[in-house]
Amino acid sequence: MTNAPDVILLRSADPPPDRYLEAFDHAGLRARCEPVLSFSFPRQEALAAQLRSRDAYAALIATSPRAGTALKRVFEDRPALARAWRKAPAYAVGPKTAARLRDAGLAARGADAGSADALAEHIIEADPAAPLLFLCGNRRRDVLPQRLRAAAVSFDEQVVYHTHTRTDLALPAPEDAPWLVFFSPSGLEAVTQSGIDPGAYRCAAIGPTTGGALKEAGHPPAAVADAPTPKALVKTLREAHAA
């Protein structure tokens with residue numbers, strides 16, 4: 001019997017217990033995490049300067065857990081700034097991003113939004129009275145900013161982290177690990193830059209944004225999770241496998 005996993009999760013594993021690995025194990029599937037990205041936080045002083053204008057913003061927006069990490073780093077060295085933003089509203093895509101924002105001391109909203117488009121709709125419906133501060137990476141997609149501008153929602157944008165893709169991935173052969181699960185469009189870039197053909201595997205995506213990126217690249221996913229959660233991902237893979 002091979003020790004190769006059934007599923008390669010193209011993400012960094014969380015400290016044990018990792019929720020995704022646990023979910024696949026409980027479902028009787030072997031899964032392994034394979035990091036495809038690294039992150040740096042080169043703009044801490046610029047972020048701190050922006051955050052000092054607390055009264056200028058009604059809330060924060062974050063579409064990635066790394067934004068929460070950037071906030072926490074700034075707040076750890078600046079307790080007065082952390083107190084000023086404590087319990088401030090912050091809109092988040094997905095439960096992991098929401099959890100990072102809570103760790104930074106903010107009151108996360110919209111955690112059930114499974115995509116940037118859904119989060120934009122949530123923000124538009126909330127109709128914030130003052131500008132928002134959108135914390136993003138250097139490679140953020142245009143979906144959320146375009147939706148907010150179209151709805152005349154005022155916001156300032158601050159790049160708080162940089163994403164770097166790996167080019168040295170070594171994955172099991174498709175016959176040993178038939179599923180590749182992508183958690184971001186950048187993961188697709190890391191795979192292809194490593195000389196690996198995604199089309200040789202069955203591809204799955206954590207959500208519609210990543211699924212759309214796969215389709216645009218000529219690798220339409222066989223499965224797209226209904227929500228960015230371990231339970232939803234396992235469910236959609238099992239359904240696709242049985243189809």
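Restricting attention to segment 33-60, which residues are within 21 Å of residue 176 (Cβ to Cβ) and either β-branched (Val, Ile, Thr) or without any contact (Cβ under 8 Å) to a residue 60 or more places away in the chain (or both)? Result: 33, 36. Only one entry in 71, 10 is of a type in the set (A, V, I, L, M, F, W, C) and closer than 23 Å to residue 191 by Cβ, namely 10. So, in segment 96-127, how many residues would count as being in contact with a Ser or Thr (Cβ under 7 Å, 6 or more places away or on another chain) and either closer than 15 Å to residue 66 by Cβ or not assigned by TED's automatic domain parsing to the domain that holds residue 142 (or both)? So the answer is 3. Look at (1) among the hydrophobic types (A, V, I, L, M, F, W, C); (2) at pLDDT below 95; (3) not assigned by TED's automatic domain parsing to the domain that holds residue 94 and you find that residue 214 fails only one, number (2). When we screen 177, 190, 120, 204 for residues that are surrounded by 15 or more Cβ atoms within 10 Å (Cβ to Cβ) and in a strand (DSSP E or B), the only hit is 204. For segment 212-240, the set of residues classified as free of Cβ contacts under 8 Å to residues at least 24 places away in the same chain, part of a helix (DSSP H, G or I) and not charged (D, E, K, R) consists of 212, 232, listed by residue number.
Answer with yes or no whether residue 14 is without any contact (Cβ under 8 Å) to a residue 40 or more places away in the chain, surrounded by fewer than 18 Cβ atoms within 10 Å (Cβ to Cβ) and of a type in the set (Asp, Glu). Considered against the rule, which asks whether it is without any contact (Cβ under 8 Å) to a residue 40 or more places away in the chain, surrounded by fewer than 18 Cβ atoms within 10 Å (Cβ to Cβ) and of a type in the set (Asp, Glu), residue 14 comes out as yes. Among the residues of segment 84-94, is there at least one that is within 29 Å of residue 237 (Cβ to Cβ), touching a strand residue (DSSP E or B) at 6+ places or on another chain (Cβ under 7 Å) and at pLDDT below 90? Looking for residues that are within 29 Å of residue 237 (Cβ to Cβ), touching a strand residue (DSSP E or B) at 6+ places or on another chain (Cβ under 7 Å) and at pLDDT below 90, one finds none in segment 84-94, hence no. Scanning segment 80-139 for residues that are free of Cβ contacts under 8 Å to residues at least 24 places away in the same chain and touching a His at 6+ places or on another chain (Cβ under 6 Å) returns 110, 113.
The values are calculated or read from the model by the stated rules, or taken from the named source; none is laboratory data. Because the structure is a prediction, the values reported are computed rather than measured. Glycine gets a Cβ as well: all are built from the backbone with ideal geometry, and neighbour counts include every protein chain shown.
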